[in-house]
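Structure first, then comments.
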Amino acid sequence: MAVPKKNVAIKNEINHLLGIQNLSILEAKEILNQAKKFITLNRSSSKKIDILRGKTQINLFFEPSTRTQSSFDLAGKRLGADVMSINVGNSALKKGETLIDTAMTLNAMHPDIIVIRHQDSGAPNLLSQKVNCAVINAGDGRREHPTQALLDALTIINRKGKIEGLKIAICGDILHSRVARSNIYLMNMLGAEVNVIAPKTLMPENIEKLGVKSFTDMKKGLDTCDIVMMLRIQNERMHGSFLPSKREYYEYFGLTTEKLKYASKDALIMHPGPMNRGVEIDTRLADDINVSLVKEQVELGVAVRMACLKIYCKK
Amino acid sequence: MKKKAIINARIIDPSQNMDEIGGVIIDSKGKIEEIGKKINKNEISSSYEVIDAKKNILIPGIVDMKVFVGEPGYEYKENFRTLSQAALAGGVTSVVSMPNTKPVIDNVSMVDFIIRRGRDKAKINIYPCASLTREMKGEMMTEFGLLTAKGIVAFSDVKRTIQNTEIMTRIMNYASDLGVLIMQHAEDYELSKNGNINDGEIATRLGLEGISDVAEKIIVERDLTLLEKYPCRYHINQISSSKSLEVVKKNKGNGKSFSVGVSINNISLNENDIGEFKTFLKLSPPLRSEHDRVSLINGIKENLIDVIVSDHVPEDEESKRLPFAQAAQGAIGVETLLPLSLELYHNKSLPLNKIIEVLTINPAKILKIDKGSLKKGLSADICIFDLEKPWVVKADKLKSKSKNTAIENRKLQGKILMTFLNGELLYSQS
């Protein structure tokens, strides 16, 4: 005799993009392959498709951001989703509401995907436990910024054809950088060798355990590198707290044409932006289209975010 | 009260080097009249109330040197009644209550209040600790003399450290004359600023700011240097790292007299247990590496660490369900202190005698209180436990008002069966 099925709602396991650490190589490659297809779409005259029509995307930004937020905004719109952006400056969170309460409130509006940027490491993980839609991490504290790493990977693949076997240097404020962490995980996963270069005060404890070699000398760290990723260094860290001065930092860690010569001949430069010209990078070098991938990073960022939205959005 | 006889127990009382099968006679005033192997069924008069311990272990009631009660100001986290229930269910009969309440216990009238409340509402012995400095600001010392006269057993700023070396010097100097106990939390704020967990690989991976073990070591070293010149009764609340332990070892080796505590959490868990941002494991001092954990256990073995405390810090859900950096520190622990300590016996890290010693007579000696022992004439504060019984920790089954246990779902072995206070059976496992 057939047993009648109990009327139990089965909660589907939702897939979130919380960090590269939680990603399998297959998932990473799926995102990159999907993103490649969107590059062409984004360059065409009609950029809008409707695969996310009827879906609601909420961008929840607790930290000011221009490029990441607009990139996610555009990505969602190009896929046909209804996109709502909340900046904390004018929300209830300023009035003392906790992250969980905000999550519950937003959850009640039935979003299909929430994109979150938060100053605290782990905030997207907490959010993902409380909502029943997918959560995409758009940067949390100093932990992860997975879509940035993915767009960096796509940019490299676009130019160099592959990542496997490349040597990549990440240079600057590694300690405070989520971009550095996500890139270390992803580039390692995709088969690159990663060097990190920073003054001692901006290098995290036990960074080698993440699978990198660490250097305090640009000459050694850049040696035979194919890609040089520069990181933004914040002004408030330059006045004696972490570093003696801007000019001393530029002298030893600023990327100049001369220092770039330590890297391999056809080395390319990347920067997640926003740049401090003349602090971490020579201004002409940053604009040199022969070596700088900065603009391409921004362009491909939209494609990568479209891919992520498509893949993670609640079915 | 009718005279009681507990028979057929394995009595472990490190204060009198006792580990034997026997019994305890409790007189009509709740004091120990007789104890040891000579007490057996045949010798008991029929007028006694007889309790058969069925070969389970009988120890002095546990003395927990670091417990936060919640009264006054944080009654929603814990109060004397709920704390007593939790403590008794854990075989704990005496606690030192921390002064970081609202308002802070830093003056005589607050001490009156806490003693009165404790007497009326608590079912266990409450030994209040007052703050070292007014409002725990680390600036002006409290009235050590007057407060001691009111019944304060120790002085501590709990989770706060006296940063100013000059003030610490004066505190130790003044205290050395009065003979009061100073309990320091060792943490250099400049080094631990914004820190959340142990500085190391896990902190780097989770993107959390780390607290270096140097932050602790530097204060331990400073205070022990001062102790040379101002020999007061000095106790370090909790150490968490092997580096601090080295300093302790060097100084105890030089014959300096002071005592050291460790939280049960720091010897049962390590930083890896934090997983992906488990805020219930956000503690102060933080959980450190496995190497540190093992070193601390060895420190107990070598008598470098004198006591294990629960560091019972009840926190409501709202203070914990937050991003890690914003979440409150601390975990409850008074109820699981003994069972979790017994894990160290079962995994052969520590002998049973040693565990009982650091939970009973050692803290009592440091505090100079007549507890932690079953010598004739003392109050019959007794805990009887089944050494082998397995059980699983479930927060909602714990008696504390707050449920922030760091060891949810942990499988433990060893369960408290009965707890007596002044000869009265106040807890019995149903």
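Summary of the geometry: segment B:290-352 and segment A:101-145, compared by the centres of their Cα atoms, lie 32 Å apart. Take every Cα pair under 8 Å whose residues are at least 6 apart in sequence, average their separation, divide by the length of segment A:128-221, and the relative contact order is 25 percent. Heavy atoms of the protein chains alone define the surface here; on that basis segment B:211-319 has 33 Å² accessible area per residue at 1.4 Å probe size. Tell me, which residues of segment A:124-143 get at least 40 Å² less accessible area when the other protein chains come in, versus the chain alone (1.4 Å probe)? SASA drop of 40 Å² or more in segment A:124-143: A:126, A:142, A:143.
Please give the charge dipole size of segment B:60-367, origin at the Cα centre, charges +1 on K and R Cβ atoms and -1 on D and E Cβ atoms. Round to the nearest 20 debye. Mind showing how you got there, number by number?
On the way: 36 positive and 40 negative charges, 145 e Å.
Roughly 700 debye, rounded to the nearest 20.
Considered as an equivalent ellipsoid built on the Cα gyration tensor, segment B:60-367 has semi-axes of 26, 23, 21 Å, the largest given first. Take the Cα of residue B:121, step 7 Å toward its Cβ, do the same at residue B:408, and the gap between the two points is 2.7 nm.
Using a simple spin-label model with pseudo-atoms 7 Å out from Cα toward Cβ, residue A:101 and residue B:389 lie 4.2 nm apart.
Dipole of segment B:60-367 computed with +1 at Lys/Arg Cβ and -1 at Asp/Glu Cβ about the Cα centre; of B:165, B:198, B:342, farthest Cα towards the positive end is B:342. Principal-axis analysis of the Cα atoms of chain A puts helix A:67-78 at an angle of about 40° to the longest axis.
Sorting B:131, B:349 on solvent-accessible area from highest to lowest, probe radius 1.4 Å, gives B:349, B:131.
What separates the Cα centres of segment B:197-263 and segment B:152-188 is a distance of 15 Å. Each Cα pair under 8 Å and six or more residues apart adds its sequence gap; the mean of these over the residue count of chain B is a relative contact order of 20 percent. The apolar share of the surface of the protein assembly as shown, taken as the fraction of accessible area on carbon and sulfur atoms (1.4 Å probe, ligands and nucleic acids excluded), comes to 49 percent.
Of the cross-linked pairs B:2/B:371; A:29/A:200; B:348/B:401; B:301/B:401, which ones have a Cα-Cα span greater than 31 Å in the structure shown?
Values: B:2/B:371 22 Å; A:29/A:200 34 Å; B:348/B:401 33 Å; B:301/B:401 34 Å.
From B:2/B:371; A:29/A:200; B:348/B:401; B:301/B:401, over 31 Å: A:29/A:200; B:348/B:401; B:301/B:401.
Annotation: residue B:249 carries an accessible surface of approximately 110 Å², with a 1.4 Å probe and no ligand, DNA or RNA atoms counted. Simple rule: put +1 on each Lys or Arg Cβ and -1 on each Asp or Glu Cβ in segment B:60-367, find the dipole, and look at B:295, B:146, B:98; the Cα lying farthest toward the positive end is B:146. With a 10 Å cut-off around each Cβ of A:203-212, the average count of Cβ atoms from other chains is 4. Solvent exposure of chain A, expressed per residue, is 46 Å² of accessible area, with all protein chains present and a 1.4 angstrom probe.
Taking all protein chains together and rolling a 1.4 Å probe, residue B:205 ends up with roughly 70 Å² accessible. Heavy-atom accessible area with a 1.4 Å probe sorts A:283, B:405, largest first, into A:283, B:405. Report which residues of segment B:187-220 become buried by 50 Å² or more of accessible surface when going from the isolated chain to the complete set of protein chains (1.4 Å probe; DNA, RNA and ligands ignored). Listed in order, they are B:201, B:204, B:205, B:207.
When chains B and A come together, the accessible area they lose, probed at 1.4 Å and totalled over both chains, is close to 1600 Å².
Need the full-extension length gain, residue B:328 to residue B:424, defined as separation in residues times 0.36 nm minus the C-alpha distance. One decimal, nm.
Numbers: separation 96, 0.36 × 96 = 34.56 nm, distance 3.70 nm.
The span from residue B:328 to residue B:424 would gain 30.9 nm if fully extended.
Across the options A:271, A:241, A:161, the greatest Cα extent toward the positive end of the charge dipole of chain A (unit charges at beta carbon of Lys, Arg, Asp, Glu) belongs to A:161.
How high is the relative contact order of segment B:1-111, in percent, with contacts defined as C-alpha pairs under 8 Å that are six or more residues apart?
Relative contact order for segment B:1-111 comes out at 24 percent.
Residues of segment B:314-340 that bury at least 50 Å² of accessible area when the other protein chains are present, relative to the chain alone (probe 1.4 Å, heavy atoms, ligands and nucleic acids excluded): B:321, B:323.
Protein-only accessible surface at a 1.4 angstrom probe places the residues A:155, A:40 in the order A:40, A:155, largest first. Along its first, second and third principal axes, ordered by size, the protein assembly as shown spans 101, 82, 46 Å in Cα coordinates.
Model label points for residue B:347 and residue A:265, set 7 angstrom from Cα along the Cα-to-Cβ axis, are 5.8 nm apart.
Each residue was assigned an accessible area with a 1.4 Å probe, and for residue B:370 the value is about 110 Å².
Secondary structure note: in chain A, about 5% of the DSSP beta bridges are antiparallel.
What does the net charge come to around residue A:126 if you take all other residues with beta carbon closer than 15 Å to its beta carbon, with K and R at +1 and D and E at -1?
On the way: positive: A:117, A:130, A:143, B:278, B:282, B:320, B:321; negative: A:97, A:101, A:120, A:140, A:144, B:276, B:317, B:318.
Every neighbour counted, the sum reads -1.
Placing +1 on the Cβ of every Lys and Arg and -1 on the Cβ of every Asp and Glu, with nothing else charged, gives chain A a dipole about its Cα centre of roughly 860 debye.
The values are calculated or read from the model by the stated rules, or taken from the named source; none is laboratory data. Only a predicted model underlies this, so the values are computations on that prediction, with no experimental measurement involved. Note: ideal-geometry Cβ built from the backbone for every residue, glycine included; neighbour counts use all protein chains shown. Quick note on the areas: whole protein, heavy atoms, side chains included, nothing else; ligands and nucleic acids left out. Shrake-Rupley method; radii C 1.70, N 1.55, O 1.52, S 1.80 Å.
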